[in-house]
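**Student:** Sharing a structure here in structure tokens format.
The values are calculated or read from the model by the stated rules, or taken from the named source; none is laboratory data. The model shown is predicted, which means the values in this text are computed figures rather than measured ones. Here Cβ is always computed from backbone atoms with ideal geometry, including for glycine, and neighbour counts include all displayed protein chains.
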Amino acid sequence: MKLPELKIGSFVARIPIIQGGMSIRVSTSALAIPVAECGGIGTIGGSGIPVPELQEDIRRAKKATDGVIAVNIMYAMKDFYELVMGSIEAGADMIITGAGFSRDIFKIGKKHNIPIVSIVSSPAFAKLAERLGAAAIVVEAAEAGGHLGTDKSLRDIFPAIRKVVSKVPLIAAGGITNGYEMAEIMDKYGADGIQIASRFVLSEECSVSREFKETFLQAEKDDIVLVQSPVGMTGRAIKTPFIERMEQGEDVSAEKCKYKCLKKCSYKYCINDRLMASCTGDVENGLVFSGANTWKMNEILPVREIFDRFVTEAESVYKEEK
């Protein structure tokens, strides 16, 4: 059966897939554009980069596609509101936000007529987000990559959140690697769509270094570990020499904070530097965020083929009209 469209505010994605917004400079317009062209929601990771750079990337995406372009911005960023307002000014279609919870963001969304999508990991925050005016809610579970808000699996937390969210689309995120799993989470658990990120790292269009992608390809199940982020949250990443040194008690902190990018930071290490290092090829000294099921992926594909496979697999078993 044909998959349903995903409607968020006044925007309609022909395929109910949101590409997860990966910072820093992992998901740029280079990835968001082909995702939007395929009928999904392409997302630019807006955290940890200067506002002018983000605006330029948004404008590049909007010029290149008529599809839906979102921007993901972590609430933990010190310049959160500047990034939000800069994204709106540059023409982003919607703002997706997590890693903390902002009440004021919904007032901004209403004032500027832009949908706000909240990433949550509990029924309480999902209910609050819907009440405050979220246009859609992403349920992000423990299988996700990057910063985590829960230690519970997607299939454990989604049903409880589905019970308290009834007025806006509810999207499932965390560990989904193929269309069969997509159909399962939509059919059995009632998701209105899915968000996937790690699968798109292994796309031809993702602009990270070849070394970053090779780290994904070579990862075994036991290589994917939990780490403490200076943001104050647990993160999921692939074990690199940097993580091994940190686990052994080596001082990996930066001599001086160059960015002052976070509202709260432990200064255990500079997450901006470490993410950027792996993005540009220095995986040995970098942090490589990854979903729990990255080890199941073994090939780099064009975004179009990733979409085609997900849709073909999902529609071969999908049953329920939404």
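**Student:** Within region 179-201, count every residue that is more than 16 Å from LEU6 (Cβ to Cβ), touching a residue at least 24 places away in the same chain (Cβ under 8 Å) and crowded, with 19+ Cβ neighbours inside 10 Å.
**Tutor:** Qualifying residue count, region 179-201: 5.
**Student:** Among the strands (runs of 3 or more DSSP E) contained in region 1-110, which hold 1 or more residues that are touching a helix residue (DSSP H, G or I) at 6+ places or on another chain (Cβ under 9 Å) and buried (at least 21 other Cβ atoms within 10 Å of the Cβ)? Write out each step before concluding.
**Tutor:** Numbers: elements: 6-8, 11-13, 17-19, 41-45, 68-74, 94-98.
It comes to 11-13, 17-19, 41-45, 68-74, 94-98.
**Student:** List pairs: first residue in region 114-132 and without any contact (Cβ under 8 Å) to a residue 24 or more places away in the chain, second residue among the β-branched types (Val, Ile, Thr) anywhere in the structure, Cβ distance under 6 angstrom, at least six positions apart or on different chains.
**Tutor:** ILE116/ILE95; ILE116/ILE105; SER118/ILE137
**Student:** Sticking with this one: For region 305-314, check the following and say yes or no: at least one residue is outside any helix (DSSP H, G or I), closer than 21 Å to GLY193 by Cβ and not charged (D, E, K, R). Reasoning before the result, please.
**Tutor:** Of all residues in region 305-314, those outside any helix (DSSP H, G or I) come to none.
Scanning region 305-314 turns up no residue that is outside any helix (DSSP H, G or I), closer than 21 Å to GLY193 by Cβ and not charged (D, E, K, R).
**Student:** Inside region 205-239, can you point out the residues that are of a type in the set (D, E, K, R) and crowded, with 16+ Cβ neighbours inside 10 Å?
**Tutor:** Of all residues in region 205-239, those of a type in the set (D, E, K, R) come to 205, 210-211, 213-214, 220-223, 236, 239.
Within region 205-239, GLU205, GLU211, LYS213, ASP223, ARG236, LYS239 qualify.
**Student:** Can you tell me which residue within region 143-155, out of those that are touching a residue at least 60 places away in the same chain (Cβ under 8 Å) and of a type in the set (Gly, Ala, Ser), is surrounded by the most Cβ atoms within 10 Å (Cβ to Cβ)?
**Tutor:** The residue in question is ALA144.
**Student:** Just name the residue that is surrounded by the fewest Cβ atoms within 10 Å (Cβ to Cβ) out of those in region 156-178 that are under 19 Å from GLY98 (Cβ atoms) and charged (D, E, K, R). Step through it out loud before you land on a result.
**Tutor:** Quick first cut of region 156-178, residues under 19 Å from GLY98 (Cβ atoms) only: 156-158, 160-162, 164-165, 168-176.
The next check asks that each one be charged (D, E, K, R); those that pass are 156, 162.
Numbers: ASP156: 12, ARG162: 18.
Within region 156-178, the match that is surrounded by the fewest Cβ atoms within 10 Å (Cβ to Cβ) is ASP156.
**Student:** Could you check region 94-150 and list, in sequence order, the residues that are at positive phi and within 12 Å of the chain's Cα centre (by Cα)?
**Tutor:** ALA99, GLY146
**Student:** Does region 301-322 hold any residues that are surrounded by fewer than 17 Cβ atoms within 10 Å (Cβ to Cβ) and either in contact (Cβ under 8 Å) with a residue 40 or more places away in the chain or hydroxyl-bearing (Ser, Thr, Tyr) (or both), and which are they? Please lay out each step first, then the result.
**Tutor:** Step one: of region 301-322, the residues surrounded by fewer than 17 Cβ atoms within 10 Å (Cβ to Cβ) are 302, 304-305, 308-309, 312-313, 315-317, 319-322.
Once the filter is applied, which keeps residues that are surrounded by fewer than 17 Cβ atoms within 10 Å (Cβ to Cβ) and either in contact (Cβ under 8 Å) with a residue 40 or more places away in the chain or hydroxyl-bearing (Ser, Thr, Tyr) (or both), region 301-322 yields PRO302, ARG304, ARG309, THR312, GLU313, GLU315, SER316, VAL317, LYS319, GLU320, GLU321, LYS322.
**Student:** Working only within region 266-292, note down all residues that are surrounded by fewer than 20 Cβ atoms within 10 Å (Cβ to Cβ) and not in a helix (DSSP H, G or I). Break it down stepwise before answering.
**Tutor:** Quick first cut of region 266-292, residues surrounded by fewer than 20 Cβ atoms within 10 Å (Cβ to Cβ) only: 266-268, 273, 276, 280-282, 284-285.
Across region 266-292, the qualifying residues are SER266, TYR267, LYS268, THR280, GLY281, ASP282.
**Student:** In region 47-62, what residues are modelled with pLDDT under 95 and in contact with a strand residue (DSSP E or B) (Cβ under 9 Å, 6 or more places away or on another chain)?
**Tutor:** Correct list: SER47, GLY48.
**Student:** Residue by residue through region 116-142, note down the ones that are buried (at least 22 other Cβ atoms within 10 Å of the Cβ) and in a loop (DSSP other than H, G, I, E, B).
**Tutor:** SER121, ALA134, ALA135, ALA141
**Student:** Shifting gears a bit: Picking from THR43, THR97, THR65, which residue would you name as being of a type in the set (S, T, N, Q), in contact with a strand residue (DSSP E or B) (Cβ under 6 Å, 6 or more places away or on another chain), more than 23 Å from CYS265 (Cβ to Cβ) and touching a residue at least 12 places away in the same chain (Cβ under 8 Å)? Break it down stepwise before answering.
**Tutor:** Working: THR97 fails: more than 23 Å from CYS265 (Cβ to Cβ); THR65 fails: in contact with a strand residue (DSSP E or B) (Cβ under 6 Å, 6 or more places away or on another chain).
Selected residue: THR43, the only one of THR43, THR97, THR65 that is of a type in the set (S, T, N, Q), in contact with a strand residue (DSSP E or B) (Cβ under 6 Å, 6 or more places away or on another chain), more than 23 Å from CYS265 (Cβ to Cβ) and touching a residue at least 12 places away in the same chain (Cβ under 8 Å).
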